[in-house]
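All of the numbers you see were taken from the coordinates with simple rules; none came from a lab. Remember, predicted model here, so these are calculated numbers, not experimental data. Backbone-built Cβ (ideal geometry, glycine too); neighbour counts: all protein chains shown.
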Amino acid sequence: MTISILIDADACPVKDEVYRVAERFKAQVRVVSNSAFRIPDHPRIKRVVVDDGFDAADDWIAEEAVRAAPKCVVITADILLAERCLKAGAVVLKHNGREFDAASIGGAIATRAIMEDLRAGMDGPLGASGGGPPPFSKSDRSAFLQSLDRVMVKLQN
């Protein structure tokens, strides 16, 4: 069975890295988004553009993860999507290389809920919009590449 990599692509800063690693492992890549953008012209890399419906990309990825598991890697920073994909049996990596797993997803969901409540109650410039994540760094990119490579070696065996 071929390994599938599903990318929650609208805000993914590591697409090029995924393409390179996927080529080494001969993996299938699905780049899922709400809008079209350029992808490499390669038979194992396919763009999936979903409608603009709320969570349409997440729904497509979660359903595909069920089909492709256990040889499936999902790349996302969306904690709720990560939870759905873990339940489907996929491996889930965040863009900075952090792997979501059964032990960490509950805490991540609880932290997300707390932060959402805090942002909702704040006044001023950090109000509902929050401060956003820290800038994506070279060390994040490196950690992601190491994690994806480790996961791919494990799934290949």
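Between F136 and R98, full extension at 0.36 nm per residue minus the direct alpha carbon distance yields a gain of 12.4 nm. Anything over 21 Å Cα to Cα? Flag those among K15/K87; K71/K154; K46/K154; K46/K87; K87/K154; K26/K71, in the order listed. Listed pairs above 21 Å: K15/K87; K46/K154; K46/K87. The Cβ shell under 9 Å around S4 holds other residues with a net charge of +2, Lys and Arg each +1, Asp and Glu each -1. For V74, the residues 5 or more places off, or on other chains, whose built amide H falls under 5 Å of its own are L6, V91, V92, L93. Available extension along the chain between D55 and K87 is 9.8 nm, counting 0.36 nm per residue and deducting the alpha carbon span.
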